[in-house]
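To start, the structure under review is shown below, and the notes come after it.
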Amino acid sequence: MELLSSLHINTLEWTIIMACGMLIGMSKVGVPGVSMIAVPALAFIFGAKQSTGVLLPILMMADIFGVAYYRRHANWGHLVKVIPWAVVGLILALWIGKMVNDEQFKNLIAILVFLSIGLMLWQDKRKSKNLFPDKWWFAAAMGILGGFATMIGNVAGPVFAIYLLAMHLPKNSFIGTSAWFFMIINFTKFPLQLFVWDNINTETLMIDLVTLPAIALGAFIGFKVVKIIPEHTYRGFVIVITAISAFLLLI
């Protein structure tokens, strides 16, 4: 406790941090979008760039819960198509990270997410599943945008949700594919932020470890929530949550 008190974080801030850990745990096991509030919340406490160093290890711990439970449900065909492009997005973000206006970029992401949701709803109305998912450029665009978004502000959730929703994956496959994607990408980001951006250190890692019980609780709640959502309504649920997440980016 004495060690934790030396971090100069008050009770309210600890409460917010733990709540963020719980929401992130929920999001990683199939309740997408609920963790979006963690981005501005942690930025308020630690500052924009430093908060990404606090958030990343929390995401990595939560990723392990998601992969452990849904590891057999991933669609590797879709992952192979998008991950190389996501790495391109990471490198691009790493290169221009100090020159990017975070606020403008988040607004752009939100607008693109809303546009993509509109295209998917139009596609569903036409009863066609081949508007753009099978095109290589769609995987490339979503991968680069997602990689860039996750490196700059950990806001790639809505982007990758759009990619998977366009593939019309069943519920468990959607969650498993998303879990593997973010675990691979987040573990790739860790050395980049540690050695290049230098915003991960012993102090931030101590904060992250304290959130582990909250992450586990969130994952447990998330498992229960996903189980009660019927397969045929899960797609609509994800679209609504994704739209709300995009709206939060505009706030």
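Read the figures in this text as sums done on the coordinates, not as results from a lab. These figures come from a predicted structure and were not determined experimentally. No Cβ is skipped: glycine too gets one built from the backbone with ideal geometry, and neighbour counts run over all protein chains shown.
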Expected sort for 36-44, 69-77, 51-59 on mean C-beta neighbours within 10 Å, highest first, is 51-59, 36-44, 69-77
Taking 0.36 nm per residue of separation between Val240 and Leu121 and subtracting their Cα-Cα distance, the length gained on full extension comes to 41.7 nm
Dividing the helical contributions, -39500 (n - 2.57) per DSSP H run of n ≥ 4, by the residues of the chain yields a 222 nm value, nearest 500 deg cm²/dmol, of -25500 deg cm²/dmol
Length gained, Ile96-Phe44, 0.36 nm per residue minus C-alpha separation, equals 16.4 nm
Rg from C-alpha atoms of segment 130-251, normalised by the globular rule of thumb 2.2 N^0.38 Å, equals 1.19
Between Lys135 and Ile184, Cβ-based FRET efficiency (R0 30 Å, step 0.05) works out to 0.85
Cα-based Rg and Dmax for the chain, in Å, come out at 17.3, 61
In whole percents, the bins of 10 Å from zero upward hold the Cα-Cα pairs of segment 188-228 as 25, 32, 28, 14, 1
